[in-house]
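The values are calculated or read from the model by the stated rules, or taken from the named source; none is laboratory data. Not measured: the values here are computed from a predicted model. FYI the Cβ positions are ideal-geometry reconstructions off the backbone, even for glycines, and counts take in every protein chain you see.
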Amino acid sequence: MPIPVRRVSMADERKLRLLVRAMLDHPDLSDRAPLAAVEAFAPGHPLVEVAVLLASETGRDLERLAEALSLEARSLLFEIAVEESPPGGIESAARALEDLERWLNAREERERQRELTSRMREGDADIAALLREKQMTREQAQARWHPDDGDPRLRGVSTR
């Protein structure tokens, strides 16, 4: 049974297109692409289909890749492949993948916080457990975004 395509906004589709473009221009970065998070964000989306196959062995050969894609995904692949913009450097592509992963993680964190808040409003039986879970998810997100808050340089404090 096919997975229903999740509709995404134009801004979100631009992020997915950037992912595919970075993977096309720099296949060596495919292993750094946040594919699991992208699949969870937009399951069944044709650009996700392209990204997943680009990261596979099939993705190394564009002809085989095109044959393995659905018609809509193939069309999007060709559209992105022939764009007029010059390929960016590998550093900027790596940064774009990191930014996408950070954005996806932050989005997932916001959704989780909203879900917990909603459960609290509904009168879930154990408010204390929900508050602990909410605090724990915030701490995990903060640790992911700011790996060492103990470092004064990261807080803007002078070390002199």
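Screening the candidates Arg64, Arg102, Arg138 for the property of being at pLDDT below 90 and not assigned by TED's automatic domain parsing to the domain that holds Glu39 yields one hit, Arg138. Figure legend. Inter-residue proximity from segment 65-90: first residues closer than 18 Å to Pro27 by Cα, second residues of a type in the set (A, V, I, L, M, F, W, C) and not in a helix (DSSP H, G or I), beta-carbon distance below 8 Å, spacing 6+ or different chains. Indicated pairs: Leu77/Leu69. State whether the residues of segment 116-132 include one that is within 30 Å of Arg21 (Cα to Cα) and modelled with pLDDT of 70 or more. The answer is no, given that none of the residues of segment 116-132 is within 30 Å of Arg21 (Cα to Cα) and modelled with pLDDT of 70 or more.
If I filter segment 142-151 for residues that are farther than 29 Å from Asp28 by Cβ, of a type outside the set (Asp, Glu) and at pLDDT below 75, do I get at least one hit? Give the derivation first.
Within segment 142-151, the first condition is being farther than 29 Å from Asp28 by Cβ, and the residues that meet it are 142, 149-151.
If we keep only those that are of a type outside the set (Asp, Glu) as well, we get 142, 150.
Subset that is at pLDDT below 75: 142, 150.
Yes, the conditions are met somewhere in segment 142-151.
Checked against (1) closer than 16 Å to Lys15 by Cβ; (2) modelled with pLDDT of 85 or more, Glu83 meets all criteria but (2).
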